[in-house]
Structures are given as structure tokens and as C-alpha cells.
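The values are calculated or read from the model by the stated rules, or taken from the named source; none is laboratory data. As the structure is a prediction and not an experimental result, all values here were calculated from the model. No Cβ is skipped: glycine too gets one built from the backbone with ideal geometry, and neighbour counts run over all protein chains shown. Protein only, heavy atoms only, side chains kept; ligands, DNA and RNA dropped before computing areas. Shrake-Rupley method; radii C 1.70, N 1.55, O 1.52, S 1.80 Å.
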Amino acid sequence: MTDKCPVHGHEMPLDDDYYASPYAPYALYAALHREGPIHRICLDDQDPAWIVTGYAEVHAGLRDKRLARPREYANPKTFTTKRFPEGEATGTIVTTDPPQHTRLKRMVNFTFLPRNVDTFRPRVDEIVDARLDAIEAAGGGDLVNDYAAVLPITIICDVLGIPENYRAELKHWCDLAFGGDEQINATTREKLSMFVNDVRKQKAENPTDDLLSYWVHAKNADGEPELTVFEVMSLALLTLLGGYDTTAGMISRGALALLDNPEALERLRANPDEFEVAVEELLRMHGSVHHGFRRFATEDLEIGGTKVSAGDTVYLHLTAAGNDPKKFPDPQKFDLDRPDKSHMAFGGGAHFCSGSELARIEVVTALRKLFTRFPNIKLAADPKTLRLRNSPLLPAVMHLPVTV
């Protein structure tokens, strides 16, 4: 299938070929599905891991308390990465499990309740319309940087209360947060933390009506701060990246998938209300988060009939699960009438994505307005030249040039 790790001898399927085009990962997922629901591999840092691709096994794994997030359960000989975010120490919302995780998630959830995210719709419309005006005036553009990225970075900065004068440089460092070598990754983490800490200090002195101010000033029943400075910082950083990068990636990949399916696109233009259905099918096929966040086996267990040892690293592959032919016949067919679209693009269990409803609003609005406004939109590049970012967690399309 691929080259083997020189250290452990396992396959290394997430190689350069995997990122060569937006279509390349799906050939690999099909091959993995033919072999079984779980696979022993090494990542590009040569750390061995289990990658779980079967839908039933991923669904169960997301709810299995024996697959834990805290790094204390990892075998230190086989999990060595320092890359952000997988290499993060415990204590953050993505590296803890209940009850600590529950306390942190409670500080986020209320903002993203459906009744609250509905209030963002006018702002989403405003941003999308302005970007489409600019694309029309230019006769086209890069749908990644000129469109898909602008909407979610603006919305999540609004939610957090990031001042306008910080946003351009903050976006630059967010774009470098996933992929790249460990030195670039470390520098990016340092720069993002510096920006977020500056804003945190401003909110401590002059709170405004935003999420970051709420976190800084929240008190517990004893009148003490609910969150430590570290917790405020990590919540802000991970909310920023999660609210921006995954949504931007979904808009870009969704746009490419619709350009690849002109008959379905014509149906959607004639029936714009069906864009909500279309986005669920796109999330199933092309969810932004591919191999999911690392977990560690707290004890010896079996997954898909295979023994996993205590301390082993396990990745539950959300996008491969969405393309499991045992669950979804002909999984790479974009089918608006598919009866079962029960994807796991937003995860599941305790770590289900808090911002899923806001993400849906952004993706549906961005795709519906893009394709109804521009009936003659076309890809302005050979699809073979499109590449994915070198990140197994979030392998997003890097550029998507179009004419309108």
C-alpha cells in the first residue's frame, strides 16, 4: 500500500501521495475499508498508532471511556509528538475527559445553543454578500482565501471579542497552526498565545459583551474565578482555531464537491432549500476533521476484533467512517436522496462539537449564496493541481481558483 516506517515497520499511508489532491484520501480510505475496520500504521513522525476507519467501530469508540484523551494514559515510548494540538499537555478542553472536560465545555456550550446561534444569521449574510460582491467585481478569485476563510474567522472573532486590529495577523498564524514541521508549529503556537493573552488582559481591564470577557470574569459559587488563566487561554485558542479552520475547510471542500456534481448543483439552484440536505451529505463525505483527535487505551481492549494494548494511541477516523461502504452504499456518490446521512463529522459523545449548529449556518449560507448568485461559476485550475494541507487531522484544500 505505502512505504513502511523504518523504526516500527508499519505502513505509513498518510504520505505525500495522500495530500497530492483533494481526491487522493478517498482511494486510501476505500483500500483500508477492504482490509478491515482497524489498522496499525505509523504517522509521518514515526509514532505508531491504530487508525479506526469502520463506521460502527468509530461510533462505538467515540463513546468508549476506555479510549481517553489525557496524555497520562499514553505509552511515552510510542507517543512522542510535540505538535499542536495533538501534542498538547492535559488540562485543555480537547485533552481532558469528564468531569474536568464537562466543566470546561459548560463554559462554551451556552453561546452555541441553537436559539443563540440564530442571532448570527444577519451577520453571516452581511459577510457573505460583501465577499461575493468583491468576487463578482474581480471576475473570480480563490474561494479559499477570498471567501471560505473570511466568513468563519470574522464570525469567531466576533464571538470571542477579538479587536479588528488583531484579526489579519491572527488569521495569518491560524493558517499555519496545522501542518508544517515542529519548529513552525511551535512558533505558531507561541504567536497565537501572545495575541490571545494580549486580548485577555484587555478584557480583564475593560470587559465587553463577548465570550472572552465572560470567561475572564466568570466566578464560581464561592466567588472565586471559575477559570484559571491557562484555561481561559486554552479555551480561547482552541475555540478560535476550531471555529475558523474546520468551517473554512468545509466551505472550500463543499464548493469543490458541488462543482464536481453539476446535475445535483442544478437541482439545488432550482430548490435552494435543499442546500441544508446537501450540506449533511457533504459533511458525511468530506468532513473537515479526518483522523480525529488522539485517544489512548486505558486498558487492553478489542476494536473490530483486534487487540489494542493499554497505552496505545488510537485515532478514530471520522471521514473514513463517513465513507464506509458497509454503512453507506457507494459512499463516494454525492446523493441528495441518500436515506441515511448519519455522519460523525462533528464527533460524538462527550467531545461532540459545541459549534456544530453555527458551522452549519455558515456552510449552508456560504454555499447557497455562492451557487445561486453565480450560475456560471467554474473551476479555473486543473483539479490535478489542487493540493491538501499537510495535516492528517485537518487536510484542507489550500487553494480553489474560480471564475464567475
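A compact table of results
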quantity: Some residue of region 222-232 being open to solvent by 30 Å² or more (accessible area, probe 1.4 Å), in contact with a Phe, Trp or Tyr (Cβ under 9 Å, 6 or more places away or on another chain) and either over 26 Å from residue 398 (Cα atoms) or modelled with pLDDT of 90 or more (or both); calculated: yes
quantity: Residues (closer than 30 Å to residue 81 by Cα, open to solvent by less than 20 Å² (accessible area, probe 1.4 Å) and in contact (Cβ under 8 Å) with a residue 40 or more places away in the chain) located in region 179-214; calculated: 179, 185, 188, 192, 196, 212
quantity: Subset of region 357-404 that is part of a helix (DSSP H, G or I), touching a helix residue (DSSP H, G or I) at 6+ places or on another chain (Cβ under 7 Å) and among the β-branched types (Val, Ile, Thr) - its residue that is surrounded by the most Cβ atoms within 10 Å (Cβ to Cβ); calculated: 363
quantity: Exclusive hit being touching a residue at least 40 places away in the same chain (Cβ under 8 Å), touching a strand residue (DSSP E or B) at 6+ places or on another chain (Cβ under 7 Å) and not small (Gly, Ala, Ser), set 284, 269, 253; calculated: 253
quantity: Residue 314 among the β-branched types (Val, Ile, Thr), within 30 Å of residue 106 (Cβ to Cβ) and in contact with a strand residue (DSSP E or B) (Cβ under 8 Å, 6 or more places away or on another chain); calculated: yes
quantity: Test set (1) modelled with pLDDT under 95; (2) farther than 30 Å from residue 190 by Cα; (3) open to solvent by 70 Å² or more (accessible area, probe 1.4 Å); (4) not in a helix (DSSP H, G or I) - residue 17 fails condition number; calculated: (4)
quantity: Helices (runs of 4 or more DSSP H) contained in region 239-356 and holding at least 2 residues surrounded by fewer than 20 Cβ atoms within 10 Å (Cβ to Cβ); calculated: 262-270, 275-286
quantity: Sole residue being modelled with pLDDT of 85 or more, closer than 26 Å to residue 303 by Cα, loosely packed, with under 15 Cβ neighbours inside 10 Å and in contact with a Pro (Cβ under 9 Å, 6 or more places away or on another chain), chosen from 65, 77; calculated: 65
quantity: 3 or more residues touching a Lys or Arg at 6+ places or on another chain (Cβ under 8 Å): qualifying helices (runs of 4 or more DSSP H) within region 78-176; calculated: 121-138, 150-160
quantity: Selection within region 156-178 - open to solvent by less than 40 Å² (accessible area, probe 1.4 Å) and farther than 18 Å from residue 394 by Cβ; calculated: 157, 159, 160, 161, 162, 163, 166, 167
quantity: Breaking point among (1) without any contact (Cβ under 8 Å) to a residue 12 or more places away in the chain; (2) farther than 30 Å from residue 80 by Cα; (3) of a type in the set (D, E, K, R), for residue 307; calculated: (2)
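Residue by residue, here is whether (1) farther than 21 Å from residue 64 by Cβ; (2) in a strand (DSSP E or B); (3) not aliphatic (A, V, I, L, M) holds:
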position: 7; (1), (2), (3): yes, no, no
position: 22; (1), (2), (3): yes, no, yes
position: 31; (1), (2), (3): yes, no, no
position: 41; (1), (2), (3): no, yes, no
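Here's the yes/no breakdown for (1) under 30 Å from residue 70 (Cβ atoms); (2) free of Cβ contacts under 8 Å to residues at least 12 places away in the same chain:
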{"residue": "80", "(1), (2)": "yes, no"}
{"residue": "104", "(1), (2)": "yes, no"}
{"residue": "109", "(1), (2)": "yes, no"}
{"residue": "112", "(1), (2)": "yes, no"}
{"residue": "123", "(1), (2)": "no, no"}
{"residue": "130", "(1), (2)": "no, yes"}
{"residue": "138", "(1), (2)": "no, yes"}
